[in-house]
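The next block holds one structure in the form of structure tokens; read it before the comments.
The values are calculated or read from the model by the stated rules, or taken from the named source; none is laboratory data. Because the structure is a prediction, the values reported are computed rather than measured. Cβ atoms come from the backbone with ideal geometry, glycine included; neighbour counts cover every protein chain shown.
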Amino acid sequence: MDCFAMKDGKCSVMKCGKCGGGTCHFHKTREEQAQSLEKVSERLRSLPEYQQEAIADKYYGGVRKW
Ligand code: SF4
């Protein structure tokens, strides 16, 4: 299956590691995942400086990864 989460034959998203196949609601291609992450980055960049700093401090060790 062409899913971004599939790594070495296991699902890296589900705890059990088994792929749910066509009914999985988390399925995305690598391209769709890259687009999703870019959308998140765009949203974060659109926030005021103080909010970006607060998010970077709280979740990314003070580093802005967007
Ligand atoms: S389709 Fe779902 S269960 Fe399968 S690899 Fe992707 S995220 Fe995991």
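Within segment 3-21, is even one residue in a helix (DSSP H, G or I) and within 16 Å of the ligand (Cβ to nearest atom)? Yes, segment 3-21 contains at least one residue that is in a helix (DSSP H, G or I) and within 16 Å of the ligand (Cβ to nearest atom). Please work out which residue is nearest to the chain's Cα centre (by Cα), limiting yourself to segment 22-47 and to residues that are part of a loop (DSSP other than H, G, I, E, B) and more than 28 Å from VAL63 (Cα to Cα). For segment 22-47, the residue satisfying everything is HIS27. Note on segment 6-20: residues that are among the small types (Gly, Ala, Ser) and either in contact with a Leu (Cβ under 9 Å, 6 or more places away or on another chain) or surrounded by fewer than 12 Cβ atoms within 10 Å (Cβ to Cβ) (or both) total 2. Among the residues of segment 35-53, none is identified as within 16 Å of the ligand (Cβ to nearest atom) and either in contact (Cβ under 8 Å) with a residue 12 or more places away in the chain or exposed (fewer than 10 other Cβ atoms within 10 Å of the Cβ) (or both).
Among the residues of segment 12-60, those identified as modelled with pLDDT of 95 or more and of a type in the set (A, V, I, L, M, F, W, C) are ALA34, LEU37, VAL40, LEU44, LEU47, ALA54, ILE55, ALA56.
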